[in-house]
1. For the stretch 2-153, build the convex hull from the C-alpha positions and give me its volume per residue in Å³.
2. For each of 79, 7, count neighbouring Cβ atoms within 10 Å of the residue's Cβ, then give the residues from fewest to most.
3. ³J(HN,Hα) across the stretch 93-108 via Karplus (A = 6.51, B = -1.76, C = 1.60, θ = phi - 60°), whole Hz, x for Gly/Pro?
4. As a quick test, which of the pairs 28/214; 28/75; 23/98 have an alpha carbon distance above 27 angstrom in this structure?
5. Give the cross-link partners of residue 45 among the aspartates and glutamates, using a straight C-alpha distance below 17 Å as the criterion and excluding same-chain residues fewer than 8 apart.
6. Go through 137, 54, 26 and say which Cα lies farthest out towards the positive end of the charge dipole of the chain; charges sit on Cβ, +1 for Lys and Arg, -1 for Asp and Glu.
7. How much length is gained if the chain between residue 197 and residue 138 is pulled fully straight, taking 0.36 nm per residue apart and subtracting their Cα-Cα distance, in nm to one decimal?
8. Between residue 98 and residue 39, what is the label-to-label distance in nm when each label sits 7 Å out along the Cα-to-Cβ direction?
Amino acid sequence: MKIEILTLFPEFFEALLSVSILKQAISKQIVDVALYNIRDYTTDKHRTADDYPYGGGSGMILKPEPIFRCLQEIKNAATVRPYILLMSPQAQPFDQAKAIELSHYPHLVMICGHYKAVDHRVQEAFVDEELSIGDYILTGGEIPALTVMDAVVRLLPGVLSRKDSAESDSYHRGLLDTDYYTRPEAYEGYPVPEVLLSGHHERVKQWRQKVALKNTLLKRPDLLQDLILNQADLKYLNEIKAEGMNNE
């Protein structure tokens, strides 16, 4: 996968691309990340990337010209059509389902807004989709772009090892994840649930599914509204409700 990011602050990404999962994905050549400084595509000596809004009002607007030039350069060099995203608070919130969808595109381009807004002509001419990471305002689109990139890249084949598989993560199956424990078996009076020490794989699987359902019911019951549950899951939910959602 190729990911290209348009930003006023490419240095924001540099340290984060050199650590953890993103670093591994790049070093394995599973993903190629390119950063573009929007100011490099300006033509005046002050490298002006913003201006006042027509019609008045507060704030500054990112100018269309440098973004148009950069995106056109990217499109001209692309071997496959890039899917162009604008980081924006005026969009449906980004979620795991969208991350899975985006992980199937071979070429993503992300535009990081700044100041008040991006000139709307950029959206009209180039943008395939706007993405938001939540109903709040950030200083710029860099944190949202990094969030989207991290969520997408970890889904690419070969990025995570089997022990870190994304398929068991919260939201991937529509549920929150189960609870996890590691050594020691007891610590400060808190023991590991006995079933996890039993070596009985089917019982462990059932326990984990039941706890995932419990976590979802307790913390994010809205997620259950859109899920199609099988008879076993419905049975677990009834047991959980009967238990009052107390810890086992």
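1. Numbers: hull volume 18.2 nm³, N = 152.
Taking only Cα atoms, the stretch 2-153 has a hull volume of 120 Å³ per residue.
2. Details: 79 8, 7 23.
Least crowded to most crowded, the residues run 79, 7.
3. Working through the residues one at a time gives x, 5, 9, 5, 4, 5, 4, 4, 4, 5, 5, 8, 7, x, 8, 10 Hz.
4. Values: 28/214 38 Å; 28/75 25 Å; 23/98 22 Å.
Those over the limit are 28/214.
5. Once the sequence-local aspartates and glutamates are set aside, what remains near residue 45 is 65.
6. It is 26.
7. Numbers: separation 59, 0.36 × 59 = 21.24 nm, distance 4.51 nm.
Gain on extension, residue 197 to residue 138, equals 16.7 nm.
8. Here the answer is 2.9 nm between the modelled labels.
Rule-based calculations on the coordinates, nothing more; no lab input. Since this is a predicted model, take the numbers as computed values, not measurements. Neighbour counts are summed over all protein chains in view; Cβ atoms, including those assigned to glycine, are modelled from backbone coordinates with ideal geometry.
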